[in-house]
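S.K.: Before I ask anything, let me first share the structure, which is written out below as structure tokens.
Values in this text are rule-based calculations from the coordinates and carry no lab data. Predicted model, so just to flag it, every value in this text is computed and none were measured. Don't worry about glycine lacking a Cβ; one is built from the backbone with ideal geometry, like all the others, and counts go over all protein chains shown.
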Amino acid sequence: MSTVPVRRTLAYVAEHALLIALGLIFLVPVAFVVLTSFMGGHQTLTGALWPHPWQWSNYSTAFHTAPLLRWFGNSLLYAGASTLFMLISSVPMAYVLAKVRIRFAGAIFFAVIIAMLLPPQVTQVPIYVMWAQFRVVGTMWPLILPHLFGNAFSIFLLRQFFLSIPTEYIDAARMDGNGEWGILTRVMVPMAKPGIAAASIFMFFQCWNDYYGPLLYTSENPDLWTVSYGLASFHGSHSTDWGVIMAVTTLATLPVVLVFFLAQRTFVEGITLTGVKG
Amino acid sequence: MMALATIGLLVFFLYPLCANVYLSFTNYDLASSPKWIGLRNYTYLFTQDPRVWHAARNTLWFVVILVPVRMVCSLGIALLLTRRKRASGFWRTLFYVPALVPPVASVVGFVFLFNPGTGPVNTLLKTFGIKGPLWFNDPSLSKPSLLLLGVWMMGDVMVIFLAALLDVPKDQYEAAELDGAGGRQKLWYITLPNISPVLLFSAVTGVIAALQYFTEAAVASSVANGKTGIDAGADQLLGYPNDSLLTYTQWMYVQGFSSFQLGYAAAMAVVLFVVAAAVMAVLLRKAGLFRRKGV
């Protein structure tokens, strides 16, 4: 009689308890990293969980001991230029693959899929040799220039987005005398803004978070270190002061999380698109 | 404009794919031109290089353990979230955000948190009377420690699963309930079949990502070892403790770009290509990514 509501309530409570417990487990690492970033160097070695006293100076020390602004600038250049280049090359390609009848479309899309899925290390040696022969190893060019020639993941993502735009709009624009370029800039791009935003954000963060590329091409030149590479190299010279290291770690994470909260909807839409819509 | 991307595919993908096969049959150090040596790189790889097998086994561990564990955890949390109508945005955000944190930052954070002597995790364990293990400094626990990190960062997979779960037609559940199906039966006979394309896609992409597992393992090694990032003498530095975190791509990095045995690194890349291509064949055949809708 009353057993069903009771069981429902119990299930409800149990589910919530589980969710809250899991949520706490997911939050704890962040909380400890941030808390540690306010501890003095000696306190971090005592296994303390709460800062006492709060050492705010870790953050200014971080800016003094690591060229943080330079790292941020380099990451911004790498991620920003790559995103811009990606848009120039990948948006038209994605449009063509989604909506224009051309020869070899199947073969080109097949190559895009393979390029997206294959580990980059598979083509790494000849590409490195190529950059070495152009004498640009040790500069930003090997990191950003390839994106001017398309990015497979972005082409895939944008194509999936363009597919969902009804072809009637294209036909109408064509009747009005637009060429493919006019259709792309006047019809497709405005309608696909969320998809283009998602692809841009993914590209930006992929570069911002990248470690392998900077390791390969700019690690010899500290002037060109990015946030990710700089952070990985920072701890060795400051291995005792975990407070400062955690301050740098927090600062490296902050922009990413801020941008996420500003563009949350676009993010989720984009990531959903990559996995669901075949 | 489209020509740019086509050129890109040729210059940055198809050409290096072929050139790599040629280089794998040569001895090449970048300074002098490649010298043809036939199959010697491959025979060395398969019969003499002791660390390449060690590295391959470590990579296999991440493929076989990390990928399924991440998928099960993502699916579990996504299932929990589908039942929360009101606050789902909050919870989704909470579980997703760790996936955004720069991998280097999360590794540095985790190595500190799991520091055997002074880290908060072992401090917490001590308050419960448990003597904490050595985590990243113990060869038998270093990979499981990275597994914990991998689960913490599973949000991207979770969001994809969540979207797929929300797309499962409600009437199928209602019909099953009328037939007296319980929760487990509904999961097995309705939920999983409905989301199977997404499961397959994330399994294959997960395996391919695990095959190239590099950043987390390399940074965890060097931070736990108290050294600065990978630099000269990388082959000594990587894989700490005891080569337990030396993955296939790290060994390839050392061979190619630290020791400049580019021919040998190319041979390693060919082997990686064969394995990844076999995994991809499954996806491309089953997922039907080639349907062109709306043309």
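S.K.: Go through (1) in contact with a Phe, Trp or Tyr (Cβ under 9 Å, 6 or more places away or on another chain); (2) at positive phi for residue B:129 and report which single condition fails.
M.R.: Going through (1) in contact with a Phe, Trp or Tyr (Cβ under 9 Å, 6 or more places away or on another chain); (2) at positive phi one by one, residue B:129 breaks only (1).
S.K.: Kindly indicate which of A:18, A:27, A:10 is away from chain B (no Cβ under 11 Å) and part of a helix (DSSP H, G or I). Walk me through how you get there before you give the answer.
M.R.: Numbers: A:18 fails: away from chain B (no Cβ under 11 Å); A:27 fails: away from chain B (no Cβ under 11 Å).
After ruling out the rest, the residue left standing is A:10.
S.K.: Looking at (1) more than 11 Å from chain B (Cβ to nearest Cβ); (2) free of Cβ contacts under 8 Å to residues at least 24 places away in the same chain, which is the one condition that is false for residue A:70?
M.R.: (2)
S.K.: For the range A:204-259: of the residues being assigned to a helix (DSSP H, G or I) and out of contact with any helix residue (DSSP H, G or I) (no Cβ under 9 Å at 6 or more places or on another chain), which is nearest to residue B:255 (Cα to Cα)? Write out each step before concluding.
M.R.: Taking the range A:204-259 first, the residues assigned to a helix (DSSP H, G or I) are A:204-209, A:212-217, A:222-224, A:227-238, A:242-259.
Now drop any that are not out of contact with any helix residue (DSSP H, G or I) (no Cβ under 9 Å at 6 or more places or on another chain), which leaves A:254, A:258.
On the way: A:254: 35, A:258: 39 Å.
Filtering first and then ranking leaves A:254.
S.K.: Quick one: which residue in B:81, B:75 is over 30 Å from residue A:95 (Cα atoms), within 14 Å of chain A (Cβ to nearest Cβ), touching a Lys or Arg at 6+ places or on another chain (Cβ under 7 Å) and part of a helix (DSSP H, G or I)? Please lay out each step first, then the result.
M.R.: Numbers: B:75 fails: touching a Lys or Arg at 6+ places or on another chain (Cβ under 7 Å).
Matching residue, one of B:81, B:75: B:81.
Matching residues to (1) under 18 Å from residue B:279 (Cβ atoms); (2) more than 7 Å from every other protein chain (Cβ to nearest Cβ); (3) crowded, with 17+ Cβ neighbours inside 10 Å:
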site	(1), (2), (3)
A:102	no, yes, no
A:110	yes, yes, no
A:113	yes, no, yes
A:119	yes, no, yes
A:123	yes, no, yes
A:133	no, yes, no
A:141	no, yes, no
A:150	no, no, yes
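S.K.: Moving to a separate point now. Of all residues in the range A:209-237, which are charged (D, E, K, R) and closer than 21 Å to residue A:64 by Cα?
M.R.: Filtering the range A:209-237 for residues charged (D, E, K, R) gives A:210, A:220, A:223.
Within the range A:209-237, just A:223 meets the criteria.
S.K.: Also, quick follow-up: Is it the case that the range A:179-189 has a residue that's of a type outside the set (D, E, K, R) and either out of contact with any helix residue (DSSP H, G or I) (no Cβ under 9 Å at 6 or more places or on another chain) or outside any helix (DSSP H, G or I) (or both)?
M.R.: Taking the range A:179-189 and keeping what is of a type outside the set (D, E, K, R), we get A:179, A:181-185, A:187-189.
Okay, now just the ones that are also either out of contact with any helix residue (DSSP H, G or I) (no Cβ under 9 Å at 6 or more places or on another chain) or outside any helix (DSSP H, G or I) (or both), so A:179, A:185.
The answer is yes, given that some residue of the range A:179-189 is of a type outside the set (D, E, K, R) and either out of contact with any helix residue (DSSP H, G or I) (no Cβ under 9 Å at 6 or more places or on another chain) or outside any helix (DSSP H, G or I) (or both).
S.K.: Follow-up question, since we're still on this one. Show the residue pairs meeting these rules: Cβ distance below 7 Å; 6+ apart or different chains; first residue within the range B:100-116 and facing chain A (nearest Cβ under 7 Å); second residue surrounded by 24 or more Cβ atoms within 10 Å (Cβ to Cβ) and among the small types (Gly, Ala, Ser).
M.R.: If the second residue must be surrounded by 24 or more Cβ atoms within 10 Å (Cβ to Cβ) and among the small types (Gly, Ala, Ser), the pairs left are B:102/A:228; B:102/A:252; B:104/A:228; B:104/A:232; B:105/A:252.
S.K.: Now for a separate question. Please go through the range B:30-65 and give me each residue that is exposed (fewer than 13 other Cβ atoms within 10 Å of the Cβ) and part of a loop (DSSP other than H, G, I, E, B), ordered by number.
M.R.: Passing the criteria: B:31, B:32, B:33, B:38, B:39.
S.K.: Mind listing whichever residues of the range A:55-74 are among the hydrophobic types (A, V, I, L, M, F, W, C) and either surrounded by fewer than 15 Cβ atoms within 10 Å (Cβ to Cβ) or in a loop (DSSP other than H, G, I, E, B) (or both)? First the steps, then the outcome.
M.R.: Initial filter on the range A:55-74 (among the hydrophobic types (A, V, I, L, M, F, W, C)): A:56, A:62-63, A:66, A:68-69, A:71-72.
Those that are among the hydrophobic types (A, V, I, L, M, F, W, C) and either surrounded by fewer than 15 Cβ atoms within 10 Å (Cβ to Cβ) or in a loop (DSSP other than H, G, I, E, B) (or both): A:56, A:63, A:66, A:69.
S.K.: Let me ask another. Show me the helices (runs of 4 or more DSSP H) entirely contained within the range B:91-176 in which 3 or more residues are in contact with a Lys or Arg (Cβ under 9 Å, 6 or more places away or on another chain) and under 28 Å from residue B:247 (Cα atoms).
M.R.: Working: elements: B:103-113, B:120-127, B:142-152, B:155-166.
Hits in the range B:91-176: B:142-152, B:155-166.
S.K.: If you don't mind, another one. Quick check on my filter: what residues within the range B:1-43 are within 27 Å of the chain's Cα centre (by Cα) and among the aromatic types (Phe, Trp, Tyr)?
M.R.: B:12, B:13, B:15, B:42 - these are the residues of the range B:1-43 that are within 27 Å of the chain's Cα centre (by Cα) and among the aromatic types (Phe, Trp, Tyr).
S.K.: Of everything in the range B:7-29, what is within 7 Å of chain A (Cβ to nearest Cβ) and farther than 17 Å from residue A:121 by Cβ? Give them in sequence order.
M.R.: Residues satisfying the conditions are B:7, B:8, B:9, B:11.
S.K.: Go through the residues of the range B:157-165 one by one and say whether even a single one is within 14 Å of chain A (Cβ to nearest Cβ) and within 27 Å of residue A:214 (Cα to Cα).
M.R.: Within the range B:157-165, the first condition is being within 14 Å of chain A (Cβ to nearest Cβ), and the residues that meet it are B:157-165.
Keeping just the survivors that are within 27 Å of residue A:214 (Cα to Cα) gives B:157.
The answer is yes, given that some residue of the range B:157-165 is within 14 Å of chain A (Cβ to nearest Cβ) and within 27 Å of residue A:214 (Cα to Cα).
S.K.: So is residue A:77 facing chain B (nearest Cβ under 8 Å), in a helix (DSSP H, G or I), over 27 Å from residue B:150 (Cβ atoms) and out of contact with any Pro (no Cβ under 8 Å at 6 or more places or on another chain) or not? Break it down stepwise before answering.
M.R.: Values: facing chain B (nearest Cβ under 8 Å): no; in a helix (DSSP H, G or I): yes; over 27 Å from residue B:150 (Cβ atoms): yes; out of contact with any Pro (no Cβ under 8 Å at 6 or more places or on another chain): yes.
No: the conditions fail for residue A:77.
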